[in-house]
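Take a look at the structure below.
The values are calculated or read from the model by the stated rules, or taken from the named source; none is laboratory data. This structure is a prediction, so every number in the text was calculated from the model and none was measured. Here Cβ is always computed from backbone atoms with ideal geometry, including for glycine, and neighbour counts include all displayed protein chains. Each accessible area value is taken on the protein alone, full model and side chains, heavy atoms only, with ligands, DNA and RNA left out. Shrake-Rupley method; radii C 1.70, N 1.55, O 1.52, S 1.80 Å.
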Amino acid sequence: MLKLDIPGGSGRVLLHSCCAPCSGAIIECLDANGVRPAIFFSNSNIDTREEYDKRLAEVVRYAGKFGLEVIEDEYDHEAWLAAVRGLENEPERGGRCLQCFKFRLSRAAAFARANGFEVLTTSLASSRWKSLEQVDAAGAEVCPDVFWAQNWRRGGLQPRRAEIIREQNFYNQNYCGCEFSHRQED
């Protein structure tokens, strides 16, 4: 398992979780390194409440195996749509995705600061479908005081991610969550 060097040696880590498939190996890795993160589910990008609830339920189920707290941010798809307005036709990994990451990470950072978390990291940095450079740029721009840019794909975590998905029989969505990415994959 990957040996982590947590910024400032902090034990107060907030993990922004986009979904259980992307978070599973991260949670396991943090736990193996003696870190018990709180999980922050902030995903107003998800196009329907039904899809949102499926993803949240899987995160809650897996976090429960570790006895971890899951904090649910307000689901506000209208605010998210306003944040990405004008970028609807951008391709995946384009400007819309960068703006989406900024939106979600700024909300997670606000929660982290207000609740004494010294470090914020995100499961967005585990998905091979997302640009790690965009995730890191978004974090550096909107929350450089708390953001921990960690490549959650390395150190054996990518294959472990796939194993956990199978072991846990996770609901594993086939799109990021927004209606624009879903439309592009149809």
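For the range 1-153, carbon and sulfur atoms together expose 49% of the accessible surface, with a 1.4 angstrom probe and every protein chain in place.
The local environment of Phe41, defined by Cβ-Cβ distances under 14 Å, has a net charge of -2 under the rule Lys, Arg +1 and Asp, Glu -1. For a straight C-alpha distance cut-off of 26 angstrom, the lysines reachable from Lys130 (same-chain residues fewer than eight places away being disregarded) are Lys3, Lys54, Lys102.
Taking the Cα centre of the chain as origin, sum charge times position over the Cβ atoms of Lys and Arg (+1) and Asp and Glu (-1), and report the length of that vector in debye to the nearest 20. Mind dumping the intermediate values first?
On the way: 23 positive and 27 negative charges, 116 e Å.
Dipole about the Cα centre, nearest 20: 560 debye.
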